[in-house]
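J.: Structure incoming, see below.
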Amino acid sequence: MNRLTTTFARLKADNRAGFVAYIMAGDGETAELLDALPAAGADVIELGMPFTDPMADGPAIQAAALRSLDSGMTLKGTLALAKTFREKHAETPLVLMGYANPVHHYGYAAFATAAADAGIDGLICVDLPPEEDTELREALAAVNISIIRLATPTTNDDRLKIVAEGSSGFVYYVSTTGVTGMGKGAATDVAGAVKRVQTATGLPVAVGFGVRTPEEAAEIASGGADAVVVGSAIVSANHDGGTKTALELVRSISAAVRAAS
Amino acid sequence: MTVKPNAFSQYPDAEGRFGEFGGRYVAETLMPNILALEKAYEDTKADPAFTAEFEDFLRHYVGRPSPLYFAERLTEHFGGAQIWLKRDELNHTGAHKINNCLGQVLLAKRMGKTRIIAETGAGQHGVATATVAARFGLPCEVFMGATDVERQAPNVFRMKLLGAKVHAVSSGRGTLKDAMNEALRDWVTYPDETFYVIGTVAGPHPYPMMVRDFQSVIGREAREQMLERIGRLPDAAVACIGGGSNAMGLFHPFLEDESVRLIGVEAAGKGLDTPDHAASLNGGEPGILHGNRTYLLQDADGQIIEGHSISAGLDYPGIGPEHAFLHDVKRAEYVSATDDEALEMFQLCSKLEGIIPALEPAHALARVRDLAAELGPDGVILMNMCGRGDKDVPQVARMLGVEV
């Protein structure tokens with residue numbers, strides 16, 4: 001039982017889909033933005049850990065990662081941001097999202113300890129499929145942090161079983177076959193896929209990659225998803241207009257998601 | 001001769017691991033593709049018709065077997081061991097790259113894939129892939145760093161002549177590793193129809209194994225030719241290393257020959273004591289990038305550092321996982337050569353042997369020089385001349401202050 005479990009249980013009781021807001025640590029005034037996200041309607045926050053080679057991300061998040069690294073952000077710095085957030089916000093789940101190498105370099109056991117100390121609830125490591133995540137998953141399980149795995153339109157039922165095994169918190173359903181923020185891959189039946197993943201894993205399903213507008217978020221929410229993830233659009237708004245613009249978008253997506261479900 | 005138990009050549013294991021290196025570190029979107037590729041490759045490898053087709057094209061299209069040549073004047077000049085060159089620079093398209101492209105495109109055809117993609121640094125792998133794709137009538141798209149597109153205009157034009165579409169990658173820092181990221185993104189986006197031809201022994205399993213297998217023709221031929229020409233195996237087999245495909249292709253058939261030292265030469269750029277080198281084994285640490293766990297150039301935060309080398313074919317910040325393994329178990333030795341040494345050997349080999357080497361194997365030649373002295377006149381060195389230097393002539397002229 002961690003904040004993710006509690007939050008998804010509460011959303012279910014409220015009979016609505018949740019809204020997961022993604023921002024990149026260190027890209028702009030992220031301490032200020034993080035602090036304001038719960039009040040603006042984010043039910044769960046994904047905090048991007050910048051990496052030089054974000055292979056599964058589209059242009060918006062790639063550029064944000066490089067800006068963040070250029071400003072001197074590190075994994076230690078990202079954990080410090082999280083810790084400051086956690087001191088003021090006891091309930092909103094905080095999930096780190098990024099790539100394996102910085103975590104591997106930090107050391108899996110040391111990372112688990114530091115992440116627990118920072119009040120982290122889950123980790124999405126894009127390039128650690130179930131076959132490769134055992135060591136990290138066990139280190140995180142010991143400190144009650146969930147490994148959140150991805151399921152995609154190409155994940156068949158046999159693989160869904162593998163994805164389900166050892167997953168906790170929620171499953172991140174990638175709604176297109178492409179990279180984040182693009183929506184140029186094959187269009188798929190999202191509602192049908194969400195049901196399939198929910199049944200196979202018994203976990204809440206959050207849908208992301210390519211969801212950009214309040215309207216798209218509402219459509220996903222009304223299609224049976226347990227939560228909708230918006231990343232690139234918030235990252236772009238934050239870069240273009242700063243914290244205020246990003247928070248306006250967060251508020252309008254949150255309102256649309258609440259109205260839809 | 002006693003038959004030794006097969007040890008080093010038995011890798012990777014079923015999970016694609018060479019000891020603690022390799023593996024399949026890809027996003028879930030690619031996992032079904034990687035697994036399907038692995039299955040298709042296993043089936044294909046066991047099919048004699050595929051092997052026959054591959055060998056037929058190697059012979060009549062690529063021009064194999066490539067000669068094994070005794071470099072008499074280099075031998076005299078260095079004054080030590082005999083130096084034998086495996087002439088893979090004589091292949092069609094001028095380097096060893098095409099061996100692998102041919103194998104992968106034939107596999108793509110069998111898998112019913114309708115679109116070929118590839119990444120390229122200086123453009124050699126891009127040209128080789130575009131060449132083979134043209135031969136089999138498959139549309140080909142090549143991802144190349146924007147900076148490299150500027151610098152390597154002739155190769156960009158070659159690829160276009162061959163019918164390929166070249167994407168200038170400006171994401172990230174616009175270099176080879178970014179081109180590889182972009183190719184992976186494309187593959188994630190169009191997984192069903194696309195075959196991604198990776199150019200070196202890196203990437204997720206089965207690529208390091210598959211590329212090695214296709215390149216092993218180099219070592220198999222060379223081993224046989226040495227026995228035929230001088231009735232013995234060399235004391236050392238030497239090759240340059242970026243990602244490591246020509247070296248792996250040369251080394252693999254010799255892995256069980258205990259008497260043969262295997263020596264890989266990394267690019268030391270401006271020196272290993274400077275930040276400007278591309279020596280992942282000598283100057284990097286284990287990490288995870290582009291689908292595998294291997295030695296990488298990285299900073300204290302685990303961020304990837306750009307490699308530097310005079311040779312665009314060597315400045316990749318990682319190295320094939322099988323090399324990482326052979327390094328750790330000490331079956332192979334990994335040394336390095338600087339930009340300046342490569343430039344010196346480029347000129348020396350041209351003058352003494354009438355062979356203009358690519359800057360990549362010029363690195364290997366710098367260590368062959370030391371080794372020749374170390375082994376003395378009774379020694380025999382086999383070096384893979386993996387590419388010809390025509391592509392490097394404008395750059396070398398510039399560096400020597402000559403206008404061409």
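J.: Taking B:Gly302 and the conditions (1) farther than 23 Å from A:Pro50 by Cα; (2) without any contact (Cβ under 8 Å) to a residue 24 or more places away in the chain, which numbered condition does it fall short on, given that it satisfies the others?
T.: Result: B:Gly302 fails condition (1) only.
Conditions tested, residue by residue: (1) more than 29 Å from B:Ile288 (Cα to Cα); (2) small (Gly, Ala, Ser); (3) crowded, with 19+ Cβ neighbours inside 10 Å; (4) away from chain B (no Cβ under 14 Å).
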{"position": "A:Ala21", "(1), (2), (3), (4)": "no, yes, yes, yes"}
{"position": "A:Glu32", "(1), (2), (3), (4)": "yes, no, no, yes"}
{"position": "A:Met49", "(1), (2), (3), (4)": "no, no, yes, no"}
{"position": "A:Asp53", "(1), (2), (3), (4)": "no, no, yes, no"}
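J.: More than 14 Å from chain A (Cβ to nearest Cβ) and surrounded by fewer than 20 Cβ atoms within 10 Å (Cβ to Cβ): is that true of B:Met144 in this structure?
T.: Judged against the criteria, B:Met144 is not a match.
J.: Suppose we keep only residues that are free of Cβ contacts under 8 Å to residues at least 60 places away in the same chain and more than 14 Å from chain A (Cβ to nearest Cβ) within region B:170-219. Which one would you say is surrounded by the most Cβ atoms within 10 Å (Cβ to Cβ)?
T.: B:Gly219
J.: Can you tell me which residue in region A:61-93 is farthest from the other protein chains (Cβ to nearest Cβ), limited to those that are outside any helix (DSSP H, G or I) and among the β-branched types (Val, Ile, Thr)?
T.: Here the residue is A:Thr92.
J.: Report, by residue number, each residue of region B:16-35 that is acidic (Asp, Glu) and at the interface with chain A (Cβ under 7 Å from one of its Cβ atoms).
T.: B:Glu28
J.: Does region B:339-351 contain any residue that is among the aliphatic types (A, V, I, L, M) and within 16 Å of the chain's Cα centre (by Cα)?
T.: Within region B:339-351, not a single residue is among the aliphatic types (A, V, I, L, M) and within 16 Å of the chain's Cα centre (by Cα).
J.: Quick one: in region A:126-160, which of the residues that are facing chain B (nearest Cβ under 7 Å) and hydrophobic (A, V, I, L, M, F, W, C) is farthest from A:Val103 (Cα to Cα)?
T.: A:Ala151
J.: Hey, another quick one. In this structure, does A:Tyr108 turn out to be touching a helix residue (DSSP H, G or I) at 6+ places or on another chain (Cβ under 8 Å) and either within 14 Å of B:Arg293 (Cβ to Cβ) or away from every other protein chain (no Cβ under 14 Å) (or both)?
T.: Yes, satisfied.
J.: Suppose we filter B:Glu333, B:Glu306 for residues that are out of contact with any Pro (no Cβ under 9 Å at 6 or more places or on another chain) and in the same structural domain as B:Thr274 (by TED's automatic domain parsing); which single one remains?
T.: Result of the check over B:Glu333, B:Glu306: B:Glu333.
J.: Right, another one. Has region A:63-77 got any residue that is under 30 Å from A:Arg10 (Cα atoms) and either touching a residue at least 40 places away in the same chain (Cβ under 8 Å) or crowded, with 18+ Cβ neighbours inside 10 Å (or both)?
T.: Taking region A:63-77 as the starting set, the residues that turn out to be under 30 Å from A:Arg10 (Cα atoms) are none.
Within region A:63-77, not a single residue is under 30 Å from A:Arg10 (Cα atoms) and either touching a residue at least 40 places away in the same chain (Cβ under 8 Å) or crowded, with 18+ Cβ neighbours inside 10 Å (or both).
J.: Here is a further query. Go through region B:278-305 residue by residue and tally those that are outside any strand (DSSP E or B), within 14 Å of chain A (Cβ to nearest Cβ) and touching a Gly at 6+ places or on another chain (Cβ under 7 Å).
T.: 4
J.: Among the residues of region B:257-297, which ones are among the β-branched types (Val, Ile, Thr) and under 17 Å from the mean Cα position of the chain (by Cα)?
T.: Matches in region B:257-297: B:Ile263, B:Val265, B:Thr294.
J.: Which numbered condition trips up B:Met1, out of (1) touching a helix residue (DSSP H, G or I) at 6+ places or on another chain (Cβ under 8 Å); (2) modelled with pLDDT under 95; (3) hydrophobic (A, V, I, L, M, F, W, C)?
T.: Only one criterion is unmet by B:Met1, namely (1).
J.: From the set of residues in region B:318-361 that are of a type in the set (Asp, Glu) and part of a helix (DSSP H, G or I), which is farthest from B:Leu90 (Cα to Cα)?
T.: B:Asp328
J.: Got a sec? Which of A:Gly242, A:Gly231 is within 16 Å of the chain's Cα centre (by Cα) and away from chain B (no Cβ under 14 Å)?
T.: A:Gly231
J.: Any idea which residue in region B:365-378 is nearest to B:Thr75 (Cα to Cα), counting only those that are crowded, with 18+ Cβ neighbours inside 10 Å and not hydrophobic (A, V, I, L, M, F, W, C)?
T.: B:Arg369
J.: If you check A:Leu203 against the conditions, is it within 17 Å of the chain's Cα centre (by Cα) and not charged (D, E, K, R)?
T.: Against the criterion (within 17 Å of the chain's Cα centre (by Cα) and not charged (D, E, K, R)), A:Leu203 qualifies.
J.: Just checking, which of B:Pro275, B:Pro253 is part of a helix (DSSP H, G or I), more than 14 Å from chain A (Cβ to nearest Cβ), in contact (Cβ under 8 Å) with a residue 24 or more places away in the chain and surrounded by fewer than 22 Cβ atoms within 10 Å (Cβ to Cβ)?
T.: None of the other options fit; the residue is B:Pro253.
J.: Out of region B:304-331, which residues are in contact with a helix residue (DSSP H, G or I) (Cβ under 9 Å, 6 or more places away or on another chain) and closer than 26 Å to B:Gln10 by Cα? Give the steps one after another, and end with the answer.
T.: Of region B:304-331, the ones in contact with a helix residue (DSSP H, G or I) (Cβ under 9 Å, 6 or more places away or on another chain) are B:304, B:306-327, B:329, B:331.
Of everything in region B:304-331, those that are in contact with a helix residue (DSSP H, G or I) (Cβ under 9 Å, 6 or more places away or on another chain) and closer than 26 Å to B:Gln10 by Cα turn out to be B:Gly318, B:Ile319, B:Gly320, B:Pro321, B:Glu322, B:His323, B:Ala324, B:Phe325, B:Leu326, B:His327, B:Val329, B:Arg331.
J.: Would you check if A:Val194 is within 24 Å of A:Leu4 (Cβ to Cβ), out of contact with any Lys or Arg (no Cβ under 6 Å at 6 or more places or on another chain), assigned to a helix (DSSP H, G or I) and free of Cβ contacts under 8 Å to residues at least 40 places away in the same chain?
T.: Taking the combined requirement at face value, the residue satisfies it.
J.: Ok, one more. What are the pairs with Cβ atoms under 9 angstrom where one residue, in region B:362-380, is in a loop (DSSP other than H, G, I, E, B) and the other, located anywhere, is aliphatic (A, V, I, L, M)? Sequence gap at least six, or different chains.
T.: Pairs that qualify, where the first residue is in a loop (DSSP other than H, G, I, E, B) and the partner is aliphatic (A, V, I, L, M), are B:Gly376/B:Ala81; B:Pro377/B:Ala81; B:Asp378/B:Ala81; B:Gly379/B:Ala81; B:Gly379/B:Ala236; B:Gly379/B:Leu371; B:Gly379/B:Ala372.
J.: Name the pairs: first residue in region B:224-242 and closer than 30 Å to B:Thr338 by Cβ, second residue among the β-branched types (Val, Ile, Thr) and in a helix (DSSP H, G or I), Cβ to Cβ under 7 Å, at least 6 apart or on different chains?
T.: Qualifying pairs under 7 Å: B:Val238/B:Val368.
The values are calculated or read from the model by the stated rules, or taken from the named source; none is laboratory data. None of these values were measured; they are calculated from a predicted model. Please note: Cβ atoms are built from the backbone with ideal geometry, for glycine as well, and neighbour counts cover all protein chains shown.
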